[in-house]
1. Given the structure, is VAL51 of a type in the set (A, V, I, L, M, F, W, C) and surrounded by fewer than 16 Cβ atoms within 10 Å (Cβ to Cβ)?
2. Of the residues in region 134-186, how many are more than 21 Å from HIS23 (Cα to Cα), open to solvent by less than 50 Å² (accessible area, probe 1.4 Å) and not in a loop (DSSP other than H, G, I, E, B)?
3. Go through (1) in a helix (DSSP H, G or I); (2) under 25 Å from ALA99 (Cβ atoms) and name the single condition SER27 misses.
4. Which residues, taken from region 54-84, are open to solvent by 10 Å² or more (accessible area, probe 1.4 Å) and polar (S, T, N, Q)?
5. Counting only residues that are in contact (Cβ under 8 Å) with a residue 12 or more places away in the chain and of a type in the set (Ser, Thr, Tyr), which one in region 10-40 is farthest from HIS179 (Cα to Cα)?
6. So, of the residues in region 47-96 that are out of contact with any His (no Cβ under 8 Å at 6 or more places or on another chain) and among the acidic types (Asp, Glu), which turns out to be nearest to PRO125 (Cα to Cα)?
7. Find the residue count for region 85-120, including only residues that are farther than 22 Å from ALA24 by Cα and open to solvent by less than 30 Å² (accessible area, probe 1.4 Å).
8. In region 146-186, what residues are of a type in the set (Asp, Glu), within 14 Å of GLN136 (Cβ to Cβ) and over 21 Å from the mean Cα position of the chain (by Cα)?
Amino acid sequence: MASALRASLGKLRLQYVDLYLIHAPTSRERLEQWRALEDLRAEGLCRSIGVSNYGVHHLEELLAVCAVPPAVNQVECNPFITRTPLREFCAAKCILVEAYSPLARAKKFHDPRLLGIARRCNLTPAQVMIRWCLDQGTIVIPKSTTPARIEENARLGDALLSGADLAALDALNEYFVSHWDPTTSP
């Protein structure tokens with residue numbers, strides 16, 4: 001892990017990275033991997049350390065032994081996979097949640113319930129999903145390679161969702177996993 005980070009820093013011509021994550025809790029060596037991240041942080045090679053795709057049971061295991069708790073847990077999160085219990089656990093432990101696939105890979109943009117809220121709020125489906133994530137206190141990094149969509153995603157301005165809209169979006173939760181879900185791994 002240390003050699004991989006050092007190689008990346010060399011290629012990027014950086015002294016450190018702001019955030020370094022363990023990608024998934026699928027390895028039985030995950031506690032040793034975490035200790036390695038703590039060492040890298042102590043060396044100043046990364047400012048913050050975190051995890052990705054960790055479920056509550058993984059976080060409980062880690063928090064029981066770590067010297068430095070994770071700053072971030074990056075998980076798939078959007079109105080179609082709300083992760084409410086995981087988000088609540090992370091909030092209670094001061095772990096930020098970062099949503100990947102906050103747009104569900106655009107696979108739900110034609111959902112009539114989402115479209116209705118988007119029309120009512122004068123937003124696009126993507127903007128509604130981003131606003132929902134932000135209203136949940138989730139860090140959002142939507143992926144797009146299209147400049148117009150990147151601008152659209154950032155153009156939320158003062159757009160607000162009503163309590164009724166947020167409740168309707170919460171009700172969309174159907175555990176829609178767009179790729180894979182390691183949060184359930186042992």
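The values are calculated or read from the model by the stated rules, or taken from the named source; none is laboratory data. Just so we're clear, the structure is a prediction, and the values are computed from it rather than from any experiment. Don't worry about glycine lacking a Cβ; one is built from the backbone with ideal geometry, like all the others, and counts go over all protein chains shown. In case anyone asks, the SASA skips ligands and DNA or RNA and just uses the protein heavy atoms, side chains included. Shrake-Rupley method; radii C 1.70, N 1.55, O 1.52, S 1.80 Å.
1. Here the answer is no, as VAL51 does not meet what is asked.
2. 6
3. (1)
4. Matches in region 54-84: GLN74, THR84.
5. Filtering first and then ranking leaves TYR16.
6. GLU88
7. Adding up the residues that qualify gives 5.
8. Within region 146-186, just ASP165 meets the criteria.
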